[in-house]
Amino acid sequence: MGINRTYILLLLSSLFLLLLILTPKSQASETFEQWKVKYAKKASKRGLPYQFVMDTLKDVKFDPEVVKKDKNQIILSKKADYQSFMKRWLRDSPSRIERGILELEKNRVLLEKVEKIYGVEKEIIVALWGVETLYGDIVGNDNIVRSLSSLAFDGRRRKFFETQLNASLRIIRKGHVKVEDFVGSWAGATGQCQFMPSNINVYAVDFDGDGKKDIWNNKADLFASIANFLKKAGWKKNKSIGSLALNSREYEGSLNKYRSSKSYRKLGFTDVDGGELNSRKWLKRKASRITMKNSPIVLRGSNYKVLKRWNRSSLFAAFNIILMDAFKQKNSIN
């Protein structure tokens, strides 16, 4: 009888420990309000006044939907068709390309000023703007402080999100944006260029000298901030991100070696219109695949690695190649 009782007690203890392990740390050890106090103490050691942090977070409520999105991120499906996806992405009436051409012309004087100072072409500035937020139309409407606080409290990537929250509070304290206007994606990317808060402190620019780095509403600051990021990442003016090529023979071998256009042609690659691949502006290039069905490959140019400092996706590179090539072609015609 004593053995059975001991066995039962050990079993119950084991189940209790298992429940503790399986229960998220944030829920098992502290409430959201308790986390705020704990976080404010940590932030005060990073140069943020304790009372300022507590006052800023006073009315912030935990957002379970943000945490749910973080835990259920959709990975781009290999079954998704590239051609169908791109048709939706480019849009129509007007298309993303047509909108970009209009924005280039409308903001030409300012863009040329930024280009001259930073050595970054106006076409890539507008391309990134168009890729990230459709020229400011789609910036996200999640409150950044609420999102980052919720994600930090959840604890899955606490260190990262607390770092981003620290950066957000510094931005607010310096007067660059008000808490209620500080909106963006659920994961913390914000502004018309979708910088993470830590990138704002490093790369954002007060181009018009009004005392604010306003990437939400001020085009001068927005364009200069994009250019400053690229310049610091090593952007080479008049060099290419790359070009796109179609795989007509379903070649599945390695692309991580330098090949000439002749070598790519032998493997069955053509240009995106199905014509013969040529290389008037390059001798040899490595390539990267896009994880979608019926997608082209990206023949990497000198600025490919630079752009990957912004976003590591080869699809993201393709977006910018398509827009930038269209913009430059339009300019050459004019």
For this session: With runs of 4+ DSSP H residues as the only contributors, calculate the mean residue ellipticity of the chain at 222 nm using -39,500 (n - 2.57) per run, divided by the residue total and rounded to the nearest 500.
Result: -16000 deg cm²/dmol
For this session: Name the helices (complete DSSP H segments) of the chain with a Cα length along the long axis of 27 Å or more and a Kyte-Doolittle mean of at least -0.5, or state none.
Result: 2-22, 314-333
Seminar exercise, completed: Ordered by fewest other Cβ atoms within 10 Å, a rough proxy for footprinting exposure, 280, 91 read 280, 91
Problem set entry | Stretch in the chain that is longest and holds no GluC sites (Glu not before Pro) that DSSP places in a loop and that have at most 13 other beta carbons within 10 Å | 1-249
Problem set entry | residue 236 paired with residue 117, simple spin-label distance in nm, labels 7 Å along Cα-to-beta-carbon | 2.6
Exercise. Based on the alpha-carbon gyration tensor of the stretch 130-256 and its eigenvalue square roots a ≥ b ≥ c, which shape applies: rounded if a/c is under 1.5, prolate if not and a/b is larger than b/c, or oblate?
Worked result: oblate
Problem set entry | Taking the chain and dividing mean pair separation by its residue count, relative contact order in percent (alpha carbons under 8 Å, at least six apart) | 17
For this session: Report, in whole Å, the centroid distance computed from the Cα atoms of the stretch 104-179 and the stretch 197-240.
Result: 9
Seminar exercise, completed: P(r) over all Cα-Cα pairs of the chain, 20 Å bins from 0 to the longest distance, whole percent per bin, short to long, reads 26, 47, 22, 5, 0
For this session: Excluding residues fewer than 8 places away in the same chain, name every one of the lysines whose C-alpha is closer than 20 Å to that of residue 69.
Result: 25, 61, 159
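Only the coordinates and a few stated rules stand behind these numbers; no lab work does. The structure presented is a predicted model; accordingly, all values stated were derived computationally and were not measured. Glycine also receives a Cβ, built like all others from the backbone with ideal geometry; neighbour counts cover every protein chain displayed.
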